[in-house]
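*Asks:* Sharing a structure, written as structure tokens. Questions coming.
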Amino acid sequence: MSEHEQGISTEAQAASPAWIRIERARHPQRPYPMDFIERIFTDFSEIHGDRAYGDDEAVACGMARLAGEEVMVIGNRKGGSTKDRVRRNFGMPHPEGYRKALRAMKLAEKFGRAVISFIDLPGAFPGLGAEERGQAEAIARNLLEMSRLRVPTISVISGEGGSGGALALAVADRVLILENALYFVITPESCAAIMWRDAAQKQLAAEAMRISAPEVFSLGCVDEIVQEPPEGIHTDREAGTGLLGASLKKHLAELKLVPIDELVAERQAKFRNIAQFYTEG
């Protein structure tokens, strides 16, 4: 075993259960959204541009087929090599990325196709240019429009689901999360830097934030946990994507049976009720 591998092994032994999940969610070999799209769907035909500013390469949208069923798929792109990661802005969308996604959703609505989105991003890009071009408005617009899309919608948190950047693609009838994925309003490192003024307290923050799949499921933020191979989906991509593909087919078949007015009403009620607590008496 190399010194590097020994270091990773020692760190993993000292890591908390929550931090182990975070390491798996961020594992460099973990499949990214486009990996899932390429393995689960067929006939993917990409749509480019937001028809307002440009084509954000951090977001991919396109028509595809799921077991013969025509759907619209959306996913953020992170890139493989360092050069590609820089080109894709490390998977963090600009406003034009969210507007491109919304354009694709509206096309899907026009042609009666379900929308399936894949999310693995730490958050929307917070740079000056993104703010100048209306990052907050783009996210808010997606939240509103996704809540009332008149087609079935499914979202998958496959790695990191960070803040409003993730939620802007996740206001769906069914929100699925992979077993080792995360859903959070802020990264543990940033939380620790704010709360303890020390980013080294990231493991403590991760435990306190309750951002793992079982915890966000218990809070009602997601609808189903999709199981992964024992050591994480990166250890067996074929088995992992097979489980996810089967889950997507099941949920899509169920949603297609629900009248569209009822579907939209249930979607809106679900998100309005998140984080509301009631006491008897």
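The values are calculated or read from the model by the stated rules, or taken from the named source; none is laboratory data. Computed from a predicted model, the values in this text were never measured in an experiment. With ideal geometry, Cβ positions are generated from the backbone for all residues, glycine too; neighbour counts draw on all protein chains shown.
*Asks:* For residues in the range 127-139 being of a type outside the set (A, V, I, L, M, F, W, C) and part of a helix (DSSP H, G or I), which is farthest from VAL59 (Cα to Cα)?
*Replies:* Looking at residues that are of a type outside the set (A, V, I, L, M, F, W, C) and part of a helix (DSSP H, G or I), I get GLU132.
*Asks:* Right, here's the next one. For ALA101, are the conditions met, namely being part of a loop (DSSP other than H, G, I, E, B), crowded, with 24+ Cβ neighbours inside 10 Å and in contact (Cβ under 8 Å) with a residue 40 or more places away in the chain?
*Replies:* Criteria not met by ALA101.
*Asks:* Since ILE177 meets every condition but one in (1) surrounded by 17 or more Cβ atoms within 10 Å (Cβ to Cβ); (2) more than 14 Å from the chain's Cα centre (by Cα), which condition does it not meet?
*Replies:* Unmet condition: (2).
Yes or no, residue by residue, for (1) under 29 Å from GLY134 (Cβ atoms); (2) aliphatic (A, V, I, L, M); (3) in contact with a Phe, Trp or Tyr (Cβ under 7 Å, 6 or more places away or on another chain); (4) modelled with pLDDT of 90 or more:
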residue	(1), (2), (3), (4)
VAL171	yes, yes, yes, yes
LEU182	yes, yes, no, yes
ALA193	yes, yes, no, yes
ALA199	no, yes, no, no
LYS202	no, no, no, yes
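*Asks:* Filter the range 115-139 down to the residues that are over 12 Å from GLY164 (Cα atoms), surrounded by 24 or more Cβ atoms within 10 Å (Cβ to Cβ) and not aromatic (Phe, Trp, Tyr), then identify the one that is modelled with the lowest pLDDT.
*Replies:* Filtering first and then ranking leaves ASP120.
*Asks:* I would also like to ask the following. Quick check on the range 230-261: of everything there that is in a helix (DSSP H, G or I) and among the β-branched types (Val, Ile, Thr), which residue is surrounded by the most Cβ atoms within 10 Å (Cβ to Cβ)?
*Replies:* Ranking the candidates gives ILE233 first.
*Asks:* Let me ask something additional. Among (1) surrounded by fewer than 24 Cβ atoms within 10 Å (Cβ to Cβ); (2) assigned to a helix (DSSP H, G or I); (3) in contact with a helix residue (DSSP H, G or I) (Cβ under 7 Å, 6 or more places away or on another chain); (4) not aromatic (Phe, Trp, Tyr), where does GLY79 come up short?
*Replies:* (2)
*Asks:* Here's a follow-up. Quick test for you: out of VAL222, VAL264, VAL216, pick the one residue that is part of a helix (DSSP H, G or I), among the hydrophobic types (A, V, I, L, M, F, W, C) and within 23 Å of ARG148 (Cα to Cα).
*Replies:* When all the criteria are applied, what remains is VAL264.
*Asks:* Still on this structure, I have one more. Output the residues belonging to the range 140-165 that are at pLDDT 95 or above, assigned to a helix (DSSP H, G or I) and over 13 Å from GLN268 (Cα atoms).
*Replies:* Scanning the range 140-165 gives ALA140, ARG141, ASN142.
*Asks:* Looking only at residues that are β-branched (Val, Ile, Thr) and touching a Leu at 6+ places or on another chain (Cβ under 6 Å) in the range 204-234, which one is farthest from SER155 (Cα to Cα)?
*Replies:* ILE211
*Asks:* (1) touching a Lys or Arg at 6+ places or on another chain (Cβ under 9 Å); (2) modelled with pLDDT under 90; (3) within 18 Å of GLY79 (Cα to Cα): which one isn't true of ALA18, the others all being true?
*Replies:* (3)
*Asks:* Can you tell me which of GLN276, GLN201, GLN227, GLN268 is surrounded by fewer than 18 Cβ atoms within 10 Å (Cβ to Cβ), of a type in the set (S, T, N, Q) and touching a residue at least 60 places away in the same chain (Cβ under 8 Å)?
*Replies:* When all the criteria are applied, what remains is GLN268.
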